[in-house]
Amino acid sequence: MGVTTAHAQEMTDEAIKERIKPYGSLNVAGAQAADAGAAAARSGEDVYNGACVACHGSGVLGAPRVHNAEDWQPRLDERGLDGVWNNALNGLNAMPPRGTCGNCSDDEIKAAIEYMVEGI
Ligand code: HEC
């Protein structure tokens, strides 16, 4: 192998490394997220802060506000926790299915609801 060839090979390896770098990092991040999901479910508060606060913090589009009995009680009276949980999973009017948290488990969605209605 001549000097020129070796150099060309090196450049190519570098170029390939550069090119696959973003995908490599993404895969690592994805694997870590999957591990974290398998190891321990996120708390209701974590899910709420990550996916629900945008609407449920201030009542965007009429979303029942966090820790607000006036907003939540009529829904709980009518459907119970399981009923509102079911609507959260499937979506309800402007409420998107799973509150846009596509990788939340059913139980994580429930935990987020329990967090929102805690103490009302
Ligand atoms: C894009 C805004 C938005 C996001 C994000 C969002 N919600 Fe909602 N949510 C709404 C709106 C609007 C309603 C009221 C829907 C209605 O009654 O017409 C609602 C209603 C609900 C209800 C009550 C359902 C019922 O039967 O009365 C639950 C439970 C709920 N959301 C849970 C969640 C959870 C948990 C998350 C986060 C994982 C979340 N939402 C994220 C907008 C949102």
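Observations on the model:
- The dipole here belongs to segment 41-120: it is taken about the Cα centre, uses +1 on the Cβ of Lys and Arg and -1 on the Cβ of Asp and Glu, and is about 240 debye.
- The ranking of Thr12, Thr100 from fewest to most other beta carbons within 10 Å of each one's beta carbon is Thr12, Thr100.
- Under Karplus coefficients 6.51, -1.76 and 1.60, residue-wise ³J(HN,Hα) of segment 66-82 in Hz, glycine/proline x: 4, 6, 10, 4, 4, 7, 8, 4, x, 5, 5, 4, 6, 10, x, 4, 5
- Long-range Cα-Cα pairs in segment 41-120 (distance over 16 Å), rounded percent: 42 percent
- Among residues other than Met95 with Cβ under 14 Å from its Cβ, the summed charge is +3 (Lys and Arg +1, Asp and Glu -1).
The numbers here are math on the coordinates, done by the rules we state, and not lab data. Just so we're clear, the structure is a prediction, and the values are computed from it rather than from any experiment. Here the Cβ is made from the backbone with ideal geometry for all residues, glycine too, and neighbour counts use every protein chain on show.
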